[in-house]
Amino acid sequence: MADKILEFVHTSTGKQIAAALGLPVPPMLKRAKAGYAEKSLSNSNALVGASAFGPVASAVVKALDSMGASIKVSADLAGLDGIKQAAAKAKVDVSISQADNGVPETVYVLDVTSAANVADLRLLYDFFNPRLRKVPSNSRIVVIGRPRGDCKDALAETAQSSLPGFIRSLAKESGKNGTTANLIQVKTGAENGIEGALRFFLSPHSAFVTGQVLPVVGAPKGVKVAAFSEKPLTGKLAVVTGAARGIGAAIAEVLAREGATVIGVDRPADESVLGTTMSSIGGVACPLDITDADAGKKLAAVAAQKGGKIDIIVHNAGITRDKMMRNMAAHLWDMVLDVNLGAIVRCNDQLLAGDAFGVNARIVCISSIGGIAGNAGQTNYAATKSAVIGYVDAMAKQLEGKGISINAIAPGFIETQMTAAIPVVTREVARRLSSLSQGGLPVDIAEAVTFMASPLAAGVNGATLRVCGQNLVGA
Ligand SMILES: NC(=O)c1ccc[n+]([C@@H]2O[C@H](COP(=O)([O-])OP(=O)(O)OC[C@H]3O[C@@H](n4cnc5c(N)ncnc54)[C@H](O)[C@@H]3O)[C@@H](O)[C@H]2O)c1
């Protein structure tokens, strides 16, 4: 369903009325119009800083250079030392930012992985404070830190623990013009996963992702982090459940855009709409109820007919059957638990038992911020979506040795048939209660799923990434 207010305030009359009445104007987000490009930042100035020279500063400089960015360092010299050394070593040019009279930076990356005490955190202030009044719309801010358990002592861990709070606040301050701010927590030794994460967070593919923390923990055993290539899913076979419409159809489209062959699954009753969606992307329609006791085996057979194993599976199909707990019929509880959770577990078990996953396969599950915040009337739904978060965390450890990774995306308010059914006032409140003052589109979830399904996320495993514009619900 279209966000009429967002559309109206960006017309010339709407702009005048909003200005006269002092109404907030939700930003028009710049979304990707095409697939990932190698030189995605070729027209961008990137202001970069690092608290010290080390593998993270080196990885950041190399990544930005390979994306074609012009690397700038702060005229105030904040974070200069680490970057200067990293750039010299990588033979990459850096120049002093001319933010006052030159083209302003639209990309900001600060490596604070070596911040090990309270005084070291001053760099956050020194780097961002002089810049943030002039950040152009739809800019990208990324801070890089270390995750819990990865620091040399309690004080360093304390300093690093400041970063999630810092980035969530910065995201709330900067979202008004569509700028996003996110934190990458890279584990020591997993620095080769930084480029892929940066390619996502610094691009229009992540327009609705802000205020989030993404752990980069390293690739599963035997998986090499590949150099970037355009159409990174070329030759991959991907299964998407619930692919006939809504978010699932968008996921199928974006996976196909990046080169995957998609097997789209939906209920037999939706065979005709599934067929239309799949034929538009050259995919294969597979009418199948995912609660079928043998759904996993049947999917393996369909993949084998296509001549391969399953490289990617996206467990997207989901339903709501909302009732207050005291009024909920047992069959509504059972139905939601089975579609949203039982079917995922059964299907993966059968695919694993049947050796149906390809080498370095990637599993992506769809959770929800409802599973984080809870909603009255959704005990069944929220239980399943919360369980998905625990499931990917637990399964990542179990599958690590097999070279398979598993992650989840937790959508916030997304404009689909599901949310069009929400009463108008509740819907309007849900839309605006985010740092970007709007709901997301199915393509926003599709972009995040595609990132998780691709080699760009080779170092990400067991994570749940919220795609919600930093909605207050579940904050
Ligand atoms: N729309 C949102 O705002 C939102 C927010 C958070 C999470 N989600 C999650 O995103 C996913 C997609 O949601 P959506 O809004 O596109 O929903 P939707 O209802 O528009 O689409 C869901 C699809 O799943 C299919 N499906 C349902 N049960 C199935 C079964 N047993 N077997 C095969 N297919 C089945 C449906 O036929 C439908 O095509 C769901 O898991 C949902 O819980 C959505």
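The values are calculated or read from the model by the stated rules, or taken from the named source; none is laboratory data. Given the structure is predicted, the values throughout are model-derived calculations rather than measurements. Quick reminder, even Gly has a Cβ in these numbers, built from the backbone with ideal geometry, and neighbours come from all protein chains shown. Each accessible area value is taken on the protein alone, full model and side chains, heavy atoms only, with ligands, DNA and RNA left out. Shrake-Rupley method; radii C 1.70, N 1.55, O 1.52, S 1.80 Å.
Which residue is farthest from P130 (Cα to Cα), if the candidates are limited to segment 34-51 and must be buried (at least 20 other Cβ atoms within 10 Å of the Cβ) and among the aliphatic types (A, V, I, L, M)? Top of the filtered list is L41. Within segment 208-220, the set of residues being open to solvent by less than 10 Å² (accessible area, probe 1.4 Å), away from the ligand (no atom under 16 Å from the Cβ) and either in a helix (DSSP H, G or I) or among the aliphatic types (A, V, I, L, M) (or both) comprises L214, V216. Do we find that L337 is in a helix (DSSP H, G or I), open to solvent by 30 Å² or more (accessible area, probe 1.4 Å), in contact (Cβ under 8 Å) with a residue 24 or more places away in the chain and among the aliphatic types (A, V, I, L, M) in this structure? Judged against the criteria, L337 is a match.
For segment 221-254, what are the residues that are among the hydroxyl-bearing types (S, T, Y) and either within 16 Å of the ligand (Cβ to nearest atom) or open to solvent by less than 20 Å² (accessible area, probe 1.4 Å) (or both)? Passing the criteria: only T241. Looking only at segment 300-320, filter to residues that are assigned to a helix (DSSP H, G or I) and touching a strand residue (DSSP E or B) at 6+ places or on another chain (Cβ under 6 Å); which one of those is nearest to the ligand (Cβ to nearest atom)? Top of the filtered list is V302. Taking the criterion of being in a strand (DSSP E or B), open to solvent by less than 40 Å² (accessible area, probe 1.4 Å) and within 12 Å of the ligand (Cβ to nearest atom), the residues of segment 255-295 that qualify are G264, V265, D266, C286.
In the condition set (1) crowded, with 24+ Cβ neighbours inside 10 Å; (2) near the ligand (Cβ under 8 Å from one of its atoms); (3) of a type in the set (D, E, K, R), E415 is compliant with all but (1).
The number of residues in segment 419-475 being without any contact (Cβ under 8 Å) to a residue 60 or more places away in the chain and at positive phi comes to 0. Restricting A63, A57, A69, A87 to those that are in contact with a helix residue (DSSP H, G or I) (Cβ under 7 Å, 6 or more places away or on another chain), within 30 Å of E253 (Cβ to Cβ) and in the same structural domain as G178 (by TED's automatic domain parsing) reduces the list to A63. When you scan segment 49-57, do you find a residue that is modelled with pLDDT under 95, of a type in the set (S, T, Y) and assigned to a loop (DSSP other than H, G, I, E, B), even just one? The answer is yes; a qualifying residue exists.
With within 15 Å of the ligand (Cβ to nearest atom) and open to solvent by 10 Å² or more (accessible area, probe 1.4 Å) as the only criterion, which of L433, L456 stands out? Steps first, answer last, please.
On the way: L456 fails: within 15 Å of the ligand (Cβ to nearest atom).
From the options L433, L456, the qualifying one is L433.
Quick check on segment 91-113. Is at least one of its residues touching a Phe, Trp or Tyr at 6+ places or on another chain (Cβ under 8 Å), within 27 Å of K39 (Cβ to Cβ) and not hydroxyl-bearing (S, T, Y)? Yes, segment 91-113 contains at least one residue that is touching a Phe, Trp or Tyr at 6+ places or on another chain (Cβ under 8 Å), within 27 Å of K39 (Cβ to Cβ) and not hydroxyl-bearing (S, T, Y).
Using the structure shown, decide if V60 is crowded, with 18+ Cβ neighbours inside 10 Å and either modelled with pLDDT of 95 or more or under 16 Å from D111 (Cα atoms) (or both). Give the derivation first.
Numbers: crowded, with 18+ Cβ neighbours inside 10 Å: yes; either modelled with pLDDT of 95 or more or under 16 Å from D111 (Cα atoms) (or both): yes.
Judged against the criteria, V60 is a match.
Checked against (1) of a type outside the set (F, W, Y); (2) touching a Gly at 6+ places or on another chain (Cβ under 7 Å); (3) at pLDDT 95 or above, R140 meets all criteria but (2).
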